[in-house]
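**Q** Here's a structure for you.
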Amino acid sequence: MSLYTPSSYPMPSIDSLERECEKLRVIYREHLAAIEAEFSEEKKQAYLADPTTICFKYPNKTREECLTDQWNRDKADCQESSGRKLTRLSEARIKCDVEIAFQAQHCHVHAQTAEGILFGYYKVTRYPTYYSFVLKRTSERDPLWLDKIGKETKLPISLDLRGEEWSNVTRQKIHSP
């Protein structure tokens, strides 16, 4: 499993990430239920007892042993597929959790200031005489904005942060130096 880090590019909303996780969870559960139904002991016995079941004969093995080996290989293949589905679900959950944590720590701003346009997710730090806005993620895939990632914009402490464009700048998201 790979370590997920927030992208510098715009991300889908947390709601859409949650929906994707739920979709993958349903797929995984349905797959597990199908495996359980398909590979039940009752079906195994019916498979072994059916005289029309095609069997590859291996030397030194009975028909029942050959069929059991094939049954176990088929079941293992399905369980391997299930493992891949679980990995996709886990990675989607991690991506969602990391995004939730990222958005809890960073402010989404779309504002025009005397110092320039602020557009994206920023780490905001309050100093005694100014606010520091450091761009962490853009709201656009525009290369112009990507070049600004990590750049600091200083705004005066007297700036009124009550407007709609500052609505995501909350006390909980403003860091201390």
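The values are calculated or read from the model by the stated rules, or taken from the named source; none is laboratory data. Nothing here was measured: the structure is a model prediction, and the numbers come from that model. Cβ placement follows ideal geometry from the backbone for every residue including glycine, while neighbour counts extend to all protein chains displayed.
**Q** Based on what the data block shows, is Thr68 within 30 Å of Trp166 (Cα to Cα) and either surrounded by 13 or more Cβ atoms within 10 Å (Cβ to Cβ) or in contact with a helix residue (DSSP H, G or I) (Cβ under 9 Å, 6 or more places away or on another chain) (or both)? Show your work before the answer.
**A** Working: within 30 Å of Trp166 (Cα to Cα): no; either surrounded by 13 or more Cβ atoms within 10 Å (Cβ to Cβ) or in contact with a helix residue (DSSP H, G or I) (Cβ under 9 Å, 6 or more places away or on another chain) (or both): yes.
Taking the combined requirement at face value, the residue does not satisfy it.
**Q** Is there a residue in the stretch 99-107 that is within 30 Å of His31 (Cβ to Cβ) and either modelled with pLDDT of 95 or more or of a type outside the set (Asp, Glu) (or both)? Spell out the reasoning first.
**A** If we filter the stretch 99-107 for residues that are within 30 Å of His31 (Cβ to Cβ), which is where we start, we get 99-101.
If we keep only those that are either modelled with pLDDT of 95 or more or of a type outside the set (Asp, Glu) (or both) as well, we get 100-101.
The answer is yes; a qualifying residue exists.
**Q** Against the condition touching a Ser or Thr at 6+ places or on another chain (Cβ under 7 Å) and polar (S, T, N, Q), how does Ser167 come out, does it pass? Don't jump to the end; show me each part of the working.
**A** Values: touching a Ser or Thr at 6+ places or on another chain (Cβ under 7 Å): no; polar (S, T, N, Q): yes.
Criteria not met by Ser167.
Residues are listed down the side, and each one gets a yes or a no for (1) surrounded by fewer than 17 Cβ atoms within 10 Å (Cβ to Cβ); (2) farther than 18 Å from Ser13 by Cα; (3) not assigned by TED's automatic domain parsing to the domain that holds Arg19:
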site: Ser82; (1), (2), (3): yes, yes, no
site: Cys96; (1), (2), (3): no, no, no
site: Ile100; (1), (2), (3): yes, no, no
site: Arg141; (1), (2), (3): yes, no, yes
site: Leu159; (1), (2), (3): yes, yes, yes
site: Arg171; (1), (2), (3): yes, yes, yes
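**Q** Has the stretch 120-135 got any residue that is polar (S, T, N, Q) and in contact with a His (Cβ under 7 Å, 6 or more places away or on another chain)? It would help to see each step written out before you state the result.
**A** Filtering the stretch 120-135 down to residues polar (S, T, N, Q) leaves 125, 129, 132.
Remaining after also requiring in contact with a His (Cβ under 7 Å, 6 or more places away or on another chain): 125.
Yes, some residue in the stretch 120-135 is polar (S, T, N, Q) and in contact with a His (Cβ under 7 Å, 6 or more places away or on another chain).
**Q** Is one or more of the residues making up the stretch 43-65 farther than 30 Å from Tyr121 by Cβ, under 33 Å from the mean Cα position of the chain (by Cα) and in a loop (DSSP other than H, G, I, E, B)? Spell out the reasoning first.
**A** Residues of the stretch 43-65 that are farther than 30 Å from Tyr121 by Cβ, as a first pass: 43-65.
The next check asks that each one be under 33 Å from the mean Cα position of the chain (by Cα); those that pass are none.
Taking every residue of the stretch 43-65 in turn, none turns out to be farther than 30 Å from Tyr121 by Cβ, under 33 Å from the mean Cα position of the chain (by Cα) and in a loop (DSSP other than H, G, I, E, B).
**Q** So, one more: Looking at (1) assigned to a strand (DSSP E or B); (2) modelled with pLDDT of 95 or more; (3) surrounded by fewer than 15 Cβ atoms within 10 Å (Cβ to Cβ), which is the one condition that is false for Ser90?
**A** (1)
**Q** Taking the residues in the stretch 126-139 that are closer than 19 Å to Gln172 by Cβ and in contact with an Asp or Glu (Cβ under 9 Å, 6 or more places away or on another chain) as candidates, determine which candidate is surrounded by the most Cβ atoms within 10 Å (Cβ to Cβ). Reasoning before the result, please.
**A** Looking only at the stretch 126-139, we keep the residues that are closer than 19 Å to Gln172 by Cβ, and these are 126-127, 131-134, 136-137.
Remaining after also requiring in contact with an Asp or Glu (Cβ under 9 Å, 6 or more places away or on another chain): 132-134.
On the way: Ser132: 16, Phe133: 23, Val134: 17.
If we take residues in the stretch 126-139 being closer than 19 Å to Gln172 by Cβ and in contact with an Asp or Glu (Cβ under 9 Å, 6 or more places away or on another chain), then Phe133 is surrounded by the most Cβ atoms within 10 Å (Cβ to Cβ).
**Q** Given Ala111, Ala104, which one is farther than 30 Å from Ala34 by Cβ, of a type outside the set (Phe, Trp, Tyr) and surrounded by 15 or more Cβ atoms within 10 Å (Cβ to Cβ)?
**A** Numbers: Ala104 fails: surrounded by 15 or more Cβ atoms within 10 Å (Cβ to Cβ).
Testing whether each residue is farther than 30 Å from Ala34 by Cβ, of a type outside the set (Phe, Trp, Tyr) and surrounded by 15 or more Cβ atoms within 10 Å (Cβ to Cβ) leaves just Ala111.
**Q** Any idea which of Tyr47, Tyr121 is surrounded by 15 or more Cβ atoms within 10 Å (Cβ to Cβ) and without any contact (Cβ under 8 Å) to a residue 24 or more places away in the chain? Can you show your working first?
**A** Values: Tyr47 fails: without any contact (Cβ under 8 Å) to a residue 24 or more places away in the chain.
Every option except Tyr121 fails the conditions.
**Q** Tell me the residue from Leu135, Leu146, Leu159 that is under 27 Å from the mean Cα position of the chain (by Cα), farther than 19 Å from Gln105 by Cα and of a type in the set (A, V, I, L, M), please. Write out each step before concluding.
**A** Numbers: Leu135 fails: farther than 19 Å from Gln105 by Cα; Leu159 fails: under 27 Å from the mean Cα position of the chain (by Cα).
Residue meeting the stated conditions: Leu146.
**Q** Right, something else. Take the stretch 5-40 and flag every residue that is outside any helix (DSSP H, G or I) and either at pLDDT 90 or above or crowded, with 16+ Cβ neighbours inside 10 Å (or both). It would help to see each step written out before you state the result.
**A** Pass one, the stretch 5-40, residues outside any helix (DSSP H, G or I): 5-13, 39-40.
Result: Pro6, Ser8, Met11, Phe39, Ser40.
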